[in-house]
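Undergrad: Here's a structure for you.
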Amino acid sequence: MVRSADTLPDLALSRAVLDRSGIERRDGGLVARLLADPATRVLELRGDRAPVEGEPSVASTAPGELRLRLRAPTAEDSGRLVLFAGRDGEGTAYLGVALPAEGLDRAERGGGRLPDEDGWVTLRQAGAALGDRDAGLFTTVLSLANWHWTHTHCSRCGAPTATAQGGWLRVCSADHSEHYPRTDPAVIMAVVDEDERLLLGRGPQWPDNRFSVLAGFVEPGESLEAAVAREVEEEVGIDVTDVRYLGNQPWPFPSSVMIGFTARALGTSIELDPHELSEARWVTREEYRTALRTGAIHRPFGISIAKRIIEHWLGQTIESVMPDSSPVQG
Ligand SMILES: [Zn+2]
C-alpha cells in the first residue's frame, strides 16, 4: 500500500488483510473440502447484513470495537452461494455464505435501520468499527455476493450460469463462456480554486443540507484523470488541471471502487447540469466549519472516502470540528 502525506491511509473499507489465495481457487474440490472442515470460519450474509458480536450502536466508530460473528460450516451451506474469501496468516480459511435479500422479510432486510436486536448490521453501519480482517472480509463477501445476485445468466446467450472457482467465476451452462466478477470504477474529487475554496454539490434527490464533493463513473475507454475532468466539466461547467491521486477504497453498494483525486479549478463560474446537481457552491474552510456546526451542511458519512477527502482539504477531522455530536453512519 502506498503511504505518504499526500495520500489517504487506512480508508475504512481498504483494510483487507486476508490472503485471497487466488491459485487455490482453481481446485475444484476446495469449497466442498472447506465446508466439511469445522475449522473453516463462515461469514453468513443475509441480504446486505452480517452478524456482529458486542454491542452494536450508531456510536461505534473505532476499528476493533465490533467483531463479525463467524461460525463453523453447517449442512445447509452446501446448497447456498458459497464464496471463498481467502486465508489468514495462520492458514485458517474464510468462506462467505450469502442468502439473497429475497425470501427475507422486511424486518430482516433492515434497509438502513439501526442494528437489530440480534446484531445484524450493514457494512455502512459497521464498517468503521470493525477491525482490519473483518472490514476486509465483509467488504469482499458483500461485493462478490452483489455480483452473483445480478449475474445469474450468461451475457452472451442468456443461459443460466453456475459458480466456479470458489465464487470467483461463473460459467455458462450452454456455451461454457467464463464470466468474472466486475468492479465499476468511479472517480471522486476535491476541486479547489486558487483561494483554496472547495467545490461542493448537492444531488437532485438529496436533502437541502447534504453537500459533497463531485463524483462520477469512469466511462469505457477513459483514463481516470480524464474522467475527473469530464465529470467536473459536465456537472458544473468548470475546467480543471493538476489532477492528483489521493486514495481509493472498494464501495460495494453495489459494486464500485471509489478512486479519490484533487484537482485545481481554472475558473470559478458555475454552470449547473440540473440532471446531475441541483446546487453547487464554493466554500472556504471557515465557511465549511461554520456550516457543519450550524447544520447548514450535513456532516459527511462515516465510512465514505468523501469524508476523508474533505478532511484532507480541511486539515482536520470532521469529529474535531464537531466534538460533541454523535457520528452519523453512512
Ligand atoms: Zn452463454
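The values are calculated or read from the model by the stated rules, or taken from the named source; none is laboratory data. Just so it is clear, the model here is predicted, and its values are computed rather than measured. Cβ coordinates were reconstructed from backbone atoms using ideal geometry, including for glycine residues, and neighbour counts include every protein chain displayed. For the accessible areas, the whole protein counts, side chains as well, though only heavy atoms, and no ligand, DNA or RNA atoms are used. Shrake-Rupley method; radii C 1.70, N 1.55, O 1.52, S 1.80 Å.
Undergrad: Being more than 16 Å from the ligand (Cβ to nearest atom), under 23 Å from residue 20 (Cα atoms) and among the charged types (D, E, K, R): is that true of residue 193 here?
TA: no
Undergrad: Here is a list of conditions, (1) within 30 Å of residue 166 (Cβ to Cβ); (2) touching a strand residue (DSSP E or B) at 6+ places or on another chain (Cβ under 8 Å), and residue 214 meets all of them except one; can you say which number that is?
TA: It fails just one condition, (1).
Undergrad: Quick check, is residue 242 without any contact (Cβ under 8 Å) to a residue 40 or more places away in the chain, of a type outside the set (S, T, N, Q), away from the ligand (no atom under 16 Å from the Cβ) and in contact with a Lys or Arg (Cβ under 6 Å, 6 or more places away or on another chain)?
TA: Numbers: without any contact (Cβ under 8 Å) to a residue 40 or more places away in the chain: yes; of a type outside the set (S, T, N, Q): yes; away from the ligand (no atom under 16 Å from the Cβ): yes; in contact with a Lys or Arg (Cβ under 6 Å, 6 or more places away or on another chain): yes.
Yes, satisfied.
Undergrad: Still on this structure: Would you confirm whether any residue within the stretch 207-223 is within 16 Å of the ligand (Cβ to nearest atom), open to solvent by 30 Å² or more (accessible area, probe 1.4 Å), touching a Gly at 6+ places or on another chain (Cβ under 9 Å) and within 30 Å of residue 149 (Cβ to Cβ)? Lay out the reasoning, then the answer.
TA: Step one: list which residues in the stretch 207-223 are within 16 Å of the ligand (Cβ to nearest atom), which gives none.
The answer is no; no qualifying residue exists.
Undergrad: While we're on this one: What pairs come out if I take residues in the stretch 145-157 that are open to solvent by 40 Å² or more (accessible area, probe 1.4 Å) and among the small types (Gly, Ala, Ser) and pair them with residues that are more than 8 Å from the ligand (Cβ to nearest atom) and not in a helix (DSSP H, G or I) whose C-beta lies under 7 Å away, six or more apart or interchain?
TA: Final answer for the pair search is 155/179.
Undergrad: Might you let me know whether the stretch 177-190 holds any residue that is surrounded by 15 or more Cβ atoms within 10 Å (Cβ to Cβ), more than 8 Å from the ligand (Cβ to nearest atom) and polar (S, T, N, Q)?
TA: Pass one, the stretch 177-190, residues surrounded by 15 or more Cβ atoms within 10 Å (Cβ to Cβ): 179, 181, 185-190.
So of that shortlist, the ones also more than 8 Å from the ligand (Cβ to nearest atom) come out as 179, 181, 185-190.
Adding the requirement that they be polar (S, T, N, Q) leaves none.
The answer is no; no qualifying residue exists.
Undergrad: To continue, here is another question. Just for the stretch 85-110: of the residues that are in a loop (DSSP other than H, G, I, E, B) and either modelled with pLDDT of 95 or more or open to solvent by 70 Å² or more (accessible area, probe 1.4 Å) (or both), which one is farthest from residue 24 (Cα to Cα)?
TA: Narrowing the stretch 85-110 to residues in a loop (DSSP other than H, G, I, E, B): 88-92, 100-105, 110.
Right, trim to either modelled with pLDDT of 95 or more or open to solvent by 70 Å² or more (accessible area, probe 1.4 Å) (or both) and you get 88-92, 102-103, 105.
Working: 88: 14, 89: 15, 90: 16, 91: 12, 92: 13, 102: 31, 103: 32, 105: 36 Å.
Among those that are in a loop (DSSP other than H, G, I, E, B) and either modelled with pLDDT of 95 or more or open to solvent by 70 Å² or more (accessible area, probe 1.4 Å) (or both), it is 105.
Undergrad: Also, quick follow-up: Which of the residues belonging to the stretch 156-173 are within 16 Å of the ligand (Cβ to nearest atom) and within 25 Å of the chain's Cα centre (by Cα)?
TA: Keep residues of the stretch 156-173 that are within 16 Å of the ligand (Cβ to nearest atom), which gives 156-164, 169-173.
Matches in the stretch 156-173: 163, 164, 169, 170.
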